[in-house]
Amino acid sequence: MDLAGRHVVVTGAARGIGAALARRFHAAGASVVVADLDSVANVADGLANAVGVIADVSSEAGNIALIDRAERVFGPIDLFFANAGIGGGTDLDTTEDAWQHAFDVNVNAHRWAAKHLVPGWLARGEGYFCSTASAAGLLAQIGSAPYTMTKRAAVAFAEWLSITYGNRGIRVSCLCPQGVNTDMLRAGDAAVGRGVEVVRAAGIVLEPEQVAEVVATAIDDERFLILPHPEVRDYMVLKADDPDRWLAGMRRLQARILGV
Ligand SMILES: NC(=O)c1ccc[n+]([C@@H]2O[C@H](COP(=O)([O-])OP(=O)(O)OC[C@H]3O[C@@H](n4cnc5c(N)ncnc54)[C@H](O)[C@@H]3O)[C@@H](O)[C@H]2O)c1
């Protein structure tokens, strides 16, 4: 999809990957709705054809309100980027509330947005849904069961959307980075547990702007799987080829970094 003149919504765009995506799409000529729980003035202010919206995507009502507001401002949405995400939670002791919140933000938000976008896109004959999952959704997040499970589910939902609606004009992409230099990574234990140390040990940590550049190219190509860290593909191949060997390797990595 050529982004010039398109209407794009990016969630979780007050900082980090979302802010970089919003700025990159705007630079490509899109009108951008910059949405987040927190103030997005630092991203949206001063950009022509950009509007900041305070939105909580952890409920269906929050997604409906965001979509309505965006459509009132710039008309029908061409590309919706469900990027908002949270870490939090660690192992089997994770509280029920934390599990629920992780599913609501990291997975259900995608489902609720798609539920309210797809009918209009089918009527128009086109629409583009992008989500940010994680390499953890293809592999695993050592140290966090909720992150592993919710990101895996996000990848699965994106695949299902592509299969189900791809023949009817709806394009889908799924962004699966490894480490990116954002508050989530910097927050360490508070975000995805000590597994963050594993993320740092697993490979290069990219800047959000580098990720946004890879995403812009992938959207131009309308490619489903967006891997800013190309080595993730090699890990996926290893995992598919010999799951027991891959699991043993993950256990060795966990022992080396976390001592368990
Ligand atoms: N940083 C990494 O290493 C990394 C790696 C893989 C995937 N990701 C994913 O990338 C996405 C962006 O993360 P980031 O690294 O930029 O983190 P970040 O913490 O810098 O940004 C996340 C943004 O999402 C917003 N957000 C959280 N809950 C929300 C809600 N209910 N409604 C609206 N906005 C909400 C936050 O306010 C924040 O601005 C997330 O989905 C994350 O899981 C990050």
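Every residue, every condition in (1) buried (at least 23 other Cβ atoms within 10 Å of the Cβ); (2) away from the ligand (no atom under 13 Å from the Cβ), yes or no:
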position: M1; (1), (2): no, yes
position: H26; (1), (2): no, yes
position: V33; (1), (2): yes, no
position: V53; (1), (2): no, no
position: G62; (1), (2): no, no
position: A65; (1), (2): no, no
position: A70; (1), (2): yes, yes
position: D78; (1), (2): no, yes
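Of the residues G89, G85, which is part of a loop (DSSP other than H, G, I, E, B), closer than 30 Å to E197 by Cα, modelled with pLDDT of 95 or more and within 16 Å of the ligand (Cβ to nearest atom)? First the steps, then the outcome.
Numbers: G89 fails: modelled with pLDDT of 95 or more.
None of the others qualify; the one that does is G85.
What number of residues within region 3-19 satisfy the criterion of being near the ligand (Cβ under 8 Å from one of its atoms) and either farther than 17 Å from A55 by Cα or among the aliphatic types (A, V, I, L, M) (or both)? I'd like the intermediate steps shown before the answer.
Here is the first cut: in region 3-19, the ones near the ligand (Cβ under 8 Å from one of its atoms) are 11-19.
Pick out the ones that are also either farther than 17 Å from A55 by Cα or among the aliphatic types (A, V, I, L, M) (or both) and you get 13-14, 17, 19.
Residues meeting the conditions: 4.
Give the residue, chosen from C176, C130, that is within 17 Å of M1 (Cα to Cα), within 16 Å of the ligand (Cβ to nearest atom), surrounded by 21 or more Cβ atoms within 10 Å (Cβ to Cβ) and under 13 Å from the mean Cα position of the chain (by Cα). Lay out the reasoning, then the answer.
On the way: C176 fails: within 17 Å of M1 (Cα to Cα).
The unique qualifying residue is C130.
For region 92-107, enumerate the residues that are away from the ligand (no atom under 13 Å from the Cβ) and surrounded by 16 or more Cβ atoms within 10 Å (Cβ to Cβ).
T94, W99
If I ask for residues that are touching a helix residue (DSSP H, G or I) at 6+ places or on another chain (Cβ under 7 Å) and either charged (D, E, K, R) or outside any helix (DSSP H, G or I) (or both), which ones from region 214-234 would you list? It would help to see each step written out before you state the result.
Filtering region 214-234 down to residues touching a helix residue (DSSP H, G or I) at 6+ places or on another chain (Cβ under 7 Å) leaves 215-216, 224, 226-229, 232.
F224, I226, L227, P228, H229 - these are the residues of region 214-234 that are touching a helix residue (DSSP H, G or I) at 6+ places or on another chain (Cβ under 7 Å) and either charged (D, E, K, R) or outside any helix (DSSP H, G or I) (or both).
Any residue at all in region 203-210 that is in a helix (DSSP H, G or I), touching a residue at least 60 places away in the same chain (Cβ under 8 Å), closer than 21 Å to A19 by Cα and within 16 Å of the ligand (Cβ to nearest atom)? If you could, list the steps in order and put the result at the bottom.
Of the residues in region 203-210, the ones in a helix (DSSP H, G or I) are 208-210.
Filter once more, so that each one left must be touching a residue at least 60 places away in the same chain (Cβ under 8 Å): 208-209.
Narrowing further to those that are closer than 21 Å to A19 by Cα: 208-209.
Narrowing the set further to residues that are within 16 Å of the ligand (Cβ to nearest atom) leaves 208-209.
Yes, region 203-210 contains a residue that is in a helix (DSSP H, G or I), touching a residue at least 60 places away in the same chain (Cβ under 8 Å), closer than 21 Å to A19 by Cα and within 16 Å of the ligand (Cβ to nearest atom).
Checking I142 against (1) without any contact (Cβ under 8 Å) to a residue 60 or more places away in the chain; (2) more than 12 Å from the ligand (Cβ to nearest atom); (3) of a type in the set (V, I, T), which test does it fail?
Failing condition for I142: (1).
Could you list, ordered by first residue, the pairs with Cβ atoms under 8 Å in which the first is in region 228-246 and under 21 Å from V205 (Cβ atoms) and the second is aromatic (F, W, Y), at least 6 apart or interchain?
Y235/W246
Surrounded by 17 or more Cβ atoms within 10 Å (Cβ to Cβ), closer than 18 Å to R171 by Cβ and over 17 Å from the mean Cα position of the chain (by Cα): does that describe H7? Steps first, please.
Details: surrounded by 17 or more Cβ atoms within 10 Å (Cβ to Cβ): yes; closer than 18 Å to R171 by Cβ: yes; over 17 Å from the mean Cα position of the chain (by Cα): yes.
Here the answer is yes, as H7 does meet what is asked.
Residue under question is N42, and the condition is that it be within 17 Å of the chain's Cα centre (by Cα), part of a helix (DSSP H, G or I) and among the polar types (S, T, N, Q); does it hold? Spell out how you get there, then give the answer.
Details: within 17 Å of the chain's Cα centre (by Cα): no; part of a helix (DSSP H, G or I): yes; among the polar types (S, T, N, Q): yes.
No, not satisfied.
Out of all the residues in region 145-171, which are β-branched (V, I, T) and either more than 16 Å from the ligand (Cβ to nearest atom) or without any contact (Cβ under 8 Å) to a residue 40 or more places away in the chain (or both)?
Applying the first criterion (β-branched (V, I, T)) to region 145-171 yields 148, 150, 155, 163-164, 170.
Residues satisfying the conditions are T148, V155, I163, T164, I170.
The values are calculated or read from the model by the stated rules, or taken from the named source; none is laboratory data. Model, not experiment: these values are computed from the prediction. Note that each Cβ is placed from the backbone with ideal geometry, even for glycine, and that neighbours are counted across all protein chains shown.
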